[in-house]
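This is the structure I have questions about; it appears just below.
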Amino acid sequence: MSQLNQYRLREVLLHGMTLLRSGNIDTPDLDASLILAWLLRVERSRLVLMWDHDISGETFQEYMNLMKRRIDGESVAYITGTKEFWGLPFKVNSSVLVPRPDTEILVEAALNWIRRSLQPKKHLCVIDVCTGSGAIAVALKHECPALSVEASDISEAALEVARYNIHRTEQSIYTKAICWIPFPGHLISSFQIRRTFPRKLFRHYQKKSKRNQYWLWTAARTVWTLSEI
């Protein structure tokens, strides 16, 4: 390796890949390049065009610190503070779960039902309970602007992230905080599409402490109820 103040981008990236590989990271090359591109504020595809660019010692050290965080188990999304979902960029932090690619299957299922049901003069409402980053709500509104969408979460910190993502994508989505008590039945039934979780899980949820209730509610994000399906 060169002296600290003489590193070339190619050397830095290859060194990062080697570190992540030795740290048993599943996708070392991808992760190392994503983090370096984010650090340099460039598109990942441009890295190959910058092979011979010089990297300052300060930038190199910062990159090494980010590599350590990745090796310690922190996700790329939390390190960079962003995650793509449904082709849209979303801000993420430790207050929300990182949107997963397989969650797009749920969005597709909802959109299929919406497109079958969306008729002239028919008003459809969607509620995304425990919205987190707001990824699902934003994706649905992005695809179907005529929808009325509400996004709720018990965490104000999560709602702050969701509101940022809603504003950045220029969507019109109503957000609100919810208490530990579940939505009244008559309110939930007024939405054509809603997310909920099984009765057995709900009974278990009622018996747990406040902190555990939060995580059970969060875990329920993977379970959808699409009415009339």
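Can you tell me which residue within the stretch 15-32, out of those that are within 20 Å of the chain's Cα centre (by Cα) and part of a helix (DSSP H, G or I), is nearest to residue 94 (Cα to Cα)?
The qualifying residue nearest to residue 94 (Cα to Cα) is 31.
A follow-up question, please. Tally time: how many residues in the stretch 40-86 are under 21 Å from the mean Cα position of the chain (by Cα) and of a type in the set (D, E, K, R)?
The number of residues fulfilling the criteria is 9.
Check the stretch 108-130 and report whether any residue there is exposed (fewer than 12 other Cβ atoms within 10 Å of the Cβ), of a type in the set (A, V, I, L, M, F, W, C) and in the same structural domain as residue 153 (by TED's automatic domain parsing).
Checking the stretch 108-130: not a single residue is exposed (fewer than 12 other Cβ atoms within 10 Å of the Cβ), of a type in the set (A, V, I, L, M, F, W, C) and in the same structural domain as residue 153 (by TED's automatic domain parsing).
Next question, about the same structure. Answer yes or no as to whether residue 30 is of a type outside the set (S, T, N, Q), surrounded by fewer than 16 Cβ atoms within 10 Å (Cβ to Cβ) and over 23 Å from residue 161 (Cβ atoms).
It is true that residue 30 is of a type outside the set (S, T, N, Q), surrounded by fewer than 16 Cβ atoms within 10 Å (Cβ to Cβ) and over 23 Å from residue 161 (Cβ atoms).
Still on this structure, I have one more. Return yes or no: is residue 150 touching a Ser or Thr at 6+ places or on another chain (Cβ under 8 Å), among the acidic types (Asp, Glu) and in contact (Cβ under 8 Å) with a residue 60 or more places away in the chain?
So residue 150 fails the test.
Search the stretch 43-81 for residues being surrounded by 13 or more Cβ atoms within 10 Å (Cβ to Cβ) and basic (Lys, Arg), and hand back the single one that is farthest from residue 22 (Cα to Cα).
44
Another question about this same structure. Here is a check on your reading of the model: is residue 35 in the same structural domain as residue 20 (by TED's automatic domain parsing), closer than 16 Å to residue 11 by Cα and under 20 Å from the mean Cα position of the chain (by Cα)?
yes
Additional query: Among the residues of the stretch 64-85, is there at least one that is assigned to a loop (DSSP other than H, G, I, E, B), touching a Phe, Trp or Tyr at 6+ places or on another chain (Cβ under 9 Å) and at pLDDT below 95?
Taking every residue of the stretch 64-85 in turn, none turns out to be assigned to a loop (DSSP other than H, G, I, E, B), touching a Phe, Trp or Tyr at 6+ places or on another chain (Cβ under 9 Å) and at pLDDT below 95.
Something else about it: Starting from residues that are among the charged types (D, E, K, R) and not in a helix (DSSP H, G or I), keep the ones in the stretch 33-44 and report whichever is nearest to residue 78 (Cα to Cα).
Looking at residues that are among the charged types (D, E, K, R) and not in a helix (DSSP H, G or I), I get 41.
Hey, residue 97 hits all of (1) surrounded by 13 or more Cβ atoms within 10 Å (Cβ to Cβ); (2) aliphatic (A, V, I, L, M); (3) assigned to a helix (DSSP H, G or I); (4) modelled with pLDDT under 95 but one; which does it fall short on?
Condition not satisfied by residue 97: (3).
For the stretch 45-63, enumerate the residues that are assigned to a helix (DSSP H, G or I) and either of a type outside the set (Gly, Ala, Ser) or under 23 Å from residue 140 (Cβ atoms) (or both).
46, 47, 48, 49, 50, 58, 59, 60, 61, 62, 63
Right, here's the next one. May I ask you to list the residues in the stretch 89-102 that are more than 10 Å from the chain's Cα centre (by Cα) and touching a residue at least 24 places away in the same chain (Cβ under 8 Å)?
95
Quick check, is residue 35 in contact with a Cys (Cβ under 6 Å, 6 or more places away or on another chain), surrounded by 15 or more Cβ atoms within 10 Å (Cβ to Cβ) and either over 30 Å from residue 140 (Cα atoms) or not hydroxyl-bearing (Ser, Thr, Tyr) (or both)?
Spelling it out, it is not the case that residue 35 is in contact with a Cys (Cβ under 6 Å, 6 or more places away or on another chain), surrounded by 15 or more Cβ atoms within 10 Å (Cβ to Cβ) and either over 30 Å from residue 140 (Cα atoms) or not hydroxyl-bearing (Ser, Thr, Tyr) (or both).
Is there any pair linking a residue in the stretch 18-31 that is assigned by TED's automatic domain parsing to the domain that holds residue 47 to one that is charged (D, E, K, R), with Cβ under 7 Å and at least six apart or on different chains, and which?
From the stretch 18-31, the pairs are 20/31; 20/70; 25/31; 25/70; 28/21; 31/70.
The values are calculated or read from the model by the stated rules, or taken from the named source; none is laboratory data. Since this is a predicted model, take the numbers as computed values, not measurements. Using ideal geometry, Cβ is built from the backbone for each residue, glycine included, and neighbour counts are taken over all protein chains shown.
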